[in-house]
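The values are calculated or read from the model by the stated rules, or taken from the named source; none is laboratory data. Predicted model, so just to flag it, every value in this text is computed and none were measured. Methodologically, a virtual Cβ is constructed for each residue, glycine included, from the backbone with ideal geometry; neighbour enumeration extends over all protein chains shown.
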């Protein structure tokens, strides 16, 4: 039944699509997408208009008219977007297929089918991927999304390697390919072609660049480790600077002719590289700052503040294009620069909107790009086949990519802390995918100057298909076969798994203790500069204060509340916390185990619930069980233990937010982790504090409900994320046995006074503090809280009778 | 770099420390600056609350244990030499051995693993008992996990690692269970100049 559903969906989808496309083509609508037909369409539409006009004047007033030409252009555009979307829907309906063949490959095939239909209907390819549409309307949003979602820290820490690959690697690819092809041409391997050395170099430059769209599309499903991914991805983004320069320089050379090239021109070419690259980045940077500034002031128009991001991002792209600088670099840096500030400045809902719309636009554009890449192939007019040229190009691209990667990595590894492994290098070489950018550049070639433009376009198409389809399909098996370190490490044993996390936490702690990251001179300087100048200008003042003081204030408030929470904990063994904790865990547990165990051993679960009163505990291996079923139990238990660990182990600071995914939009799950950890730490510290017998009633921690965890029931006693108040004498849990007295700590006068002074803190204030959030909105509540503290000190009341107020919030 | 040589005089036993731990003088200087930064009261030694002043440690599930690892048995404070010795465990392994380097440097694989082992083994008896493992697990798992689940995981982990069936994990068993892990990679940080 399941299968039938799919089959029906496929059938329906394809029928719908065929209908749509034939409707479109049957109308003879010459789309503005295709430049060649634009002249024809005008004349045709004129013709139709006169026909209509002629017709209507004869028959009288028409009640309804079919005004196709009236809506032709936008209608076709919208229809194409719809078709692309429906194609994606049909493709994604079956996960088995998409896990083997990447979606981009399937979209290209879908494009083939559509192209075939259109060709069959029209005998000419009315719709192709033209450079204007591609470079102005389809590419910017993909790159903007890439820049906006870029993990900045990871990117900048690997910046050196990325730059080396992007600049030197691309130059090497271009030069080597061009020269080799020329050499083969001279050697006669390609037959009779009218291409000179310069044109070969031009061709080499346009096909040398690794394409970001293709890289995202293929790597997204593979989940390689983050360093590898950022190297390939970063390279694909930054090499645009080189590509633009090389392409323009060689195109100028081709126009000038070989005789005009002398040292001056070459030097000008090198200078133009620096100008283009840095200029583009600068433009992007400036626009990023503009966006941040604008969002700082948009408090009153929160409805549309998300729009500024997109408009200004697009403007950065166009501005760089206008100044003949690298547009991709501009928009990437725009996105990367403004990330932090717009996330801080804008309302949460606007931030969500921006994220979602970015993904939507980027995903949609990608889909359309791949579909049209497929359609563009079905065009007899452009096909020129030259076996030598094409095969040699494929071969050389492949080989030179590997050579370049290995050589550059060998050099880089001398300078890196963690050298890039051989396996990673192989994947990096294999991941040098070419994509639509190369095709767009190829179609930009001037036919007058370059006689063999069609051949180059065809070759580019074939290279793109090869890399996206074939390399895309084989990437996943290759990664698995070579056992590339993946982003999510598949552990073998439980100890390994646990220990892996321990290591992560350990390293983070050691870095914090030894201040290694903080003391890096340049980074320190940049952080200071950023904090003092940039944040001051670009972030809303309320947000800035928030970031600085939130930890301190929060901590103070929490400690006060903690002490007042004593009574509740003392009064009841199981406070609200425990109760809720067990309940939720219970539910999950039952769900997980019920199904599995009922199959294996229905009798066990009945036996074990004696002491727990309805709770089904995990059937531990230590219970007496039948020998045969024990293995079954062990296996399931093994899986379940692993599963539990996988699910519940704290991820640690390093691991979050590094997965760049086009299709997934991760809500920050690490927030609750941080809060839980902090709560636990503070609780244990305060417990040991309790044991120092200061005459203060032992406090239990509660923390404030910080971020958006409205779901968590224990909101009134939930999380905070603050740093330490060092003046408080704290003990850490490592001292074996709860609370070893240390007279040194007891002597501290100031805290005890404060403790006693603060002790009678009514939890009624908790209500006020409960909705505190670390977002821009709630900064006002801090002010409220601040003043409330000052006020409340005067009125001490024992908190013992205020549980209701606690429970309410 | 001229100023660093004068500051090196402030560091007690700089030469010996460099020899023993393998840090360079620039590293040592940085670490000394950090030590002084953490040592708020300028006592020349660190106490636990100095460590706790590092705000982020409160967000670390095993922060308490790591702080504890700096203080050897029964000690209340840690001086610069001990501070550096502990941090030396986290240096990346030397690819080429210098002559005169100690035979068992702090950043050898065994020593690193020993450090990690001691994070579990709080009572210092050389074995990770089930209770100790449970404590670590409890610290590192989310609140949603019940006690029974934790016990089952701890049970399982001990079963997998415990080869001589004494219901505890000794150091050798620990080492064996982690033989596939690249310890050097997992336990090194880049010490910056």
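Scanning the stretch B:55-76 for residues that are outside any helix (DSSP H, G or I), over 16 Å from the mean Cα position of the chain (by Cα) and surrounded by 15 or more Cβ atoms within 10 Å (Cβ to Cβ) yields a total of 0. Looking only at residues in the stretch B:41-54 that are within 7 Å of chain A (Cβ to nearest Cβ) and not in a helix (DSSP H, G or I), the one that is surrounded by the fewest Cβ atoms within 10 Å (Cβ to Cβ) is B:53.
Of (1) under 22 Å from residue A:213 (Cβ atoms); (2) modelled with pLDDT of 90 or more; (3) surrounded by fewer than 19 Cβ atoms within 10 Å (Cβ to Cβ), residue A:75 satisfies all except one. Which? Checking residue A:75 against (1) under 22 Å from residue A:213 (Cβ atoms); (2) modelled with pLDDT of 90 or more; (3) surrounded by fewer than 19 Cβ atoms within 10 Å (Cβ to Cβ), the one that fails is (1). No other residue among A:286, A:294, A:332, A:354 is within 26 Å of residue A:131 (Cα to Cα) and touching a helix residue (DSSP H, G or I) at 6+ places or on another chain (Cβ under 9 Å) apart from A:332.
Is it the case that the stretch B:31-39 has a residue that's more than 8 Å from every other protein chain (Cβ to nearest Cβ), in contact (Cβ under 8 Å) with a residue 60 or more places away in the chain and over 28 Å from residue A:684 (Cα atoms)? No, there is no match, as no residue in the stretch B:31-39 is more than 8 Å from every other protein chain (Cβ to nearest Cβ), in contact (Cβ under 8 Å) with a residue 60 or more places away in the chain and over 28 Å from residue A:684 (Cα atoms). In the stretch A:421-440 there is no residue that is at pLDDT 90 or above, under 29 Å from the mean Cα position of the chain (by Cα) and over 19 Å from residue A:467 (Cα atoms). Restricting attention to the stretch A:383-397, the residues being surrounded by fewer than 17 Cβ atoms within 10 Å (Cβ to Cβ) and part of a helix (DSSP H, G or I) number 5. Taking residue A:440, is it buried (at least 24 other Cβ atoms within 10 Å of the Cβ), under 28 Å from residue A:368 (Cα atoms) and out of contact with any strand residue (DSSP E or B) (no Cβ under 7 Å at 6 or more places or on another chain)? Answer is no for this residue.
Being within 25 Å of residue A:216 (Cβ to Cβ), part of a helix (DSSP H, G or I) and in contact (Cβ under 8 Å) with a residue 60 or more places away in the chain is true for just one of A:420, A:369. Which residue is that?
Values: A:420 fails: part of a helix (DSSP H, G or I).
Matching residue, one of A:420, A:369: A:369.
Condition test on residue A:63, is it outside any helix (DSSP H, G or I), out of contact with any strand residue (DSSP E or B) (no Cβ under 7 Å at 6 or more places or on another chain) and surrounded by fewer than 19 Cβ atoms within 10 Å (Cβ to Cβ)? Taking the combined requirement at face value, the residue satisfies it. Would you check if there is a residue in the stretch A:227-247 being in a loop (DSSP other than H, G, I, E, B), under 30 Å from residue A:101 (Cα atoms) and touching a helix residue (DSSP H, G or I) at 6+ places or on another chain (Cβ under 7 Å)? Checking the stretch A:227-247: not a single residue is in a loop (DSSP other than H, G, I, E, B), under 30 Å from residue A:101 (Cα atoms) and touching a helix residue (DSSP H, G or I) at 6+ places or on another chain (Cβ under 7 Å). Selection of first residues in the stretch B:169-193 that are at the interface with chain A (Cβ under 10 Å from one of its Cβ atoms) and of second residues that are modelled with pLDDT of 75 or more and in a strand (DSSP E or B), restricted to Cβ pairs under 6 Å at least 6 apart or on distinct chains, gives the following pairs, ordered by first then second residue: B:169/B:128.
What about residue A:444, is it in contact with a helix residue (DSSP H, G or I) (Cβ under 9 Å, 6 or more places away or on another chain) and over 24 Å from residue A:138 (Cα atoms)? When the stated conditions are applied, residue A:444 does not pass them. Suppose we filter B:134, B:150, B:163, B:113 for residues that are in contact with a helix residue (DSSP H, G or I) (Cβ under 6 Å, 6 or more places away or on another chain), more than 7 Å from chain A (Cβ to nearest Cβ) and not in a helix (DSSP H, G or I); which single one remains? It is B:163.
Could you count how many residues in the stretch B:77-92 are more than 9 Å from every other protein chain (Cβ to nearest Cβ), within 14 Å of residue A:511 (Cα to Cα) and assigned to a helix (DSSP H, G or I)?
2
Of all residues assigned to the stretch A:122-140, at least one qualifies as being farther than 23 Å from residue A:366 by Cα and either outside any helix (DSSP H, G or I) or within 21 Å of the chain's Cα centre (by Cα) (or both).
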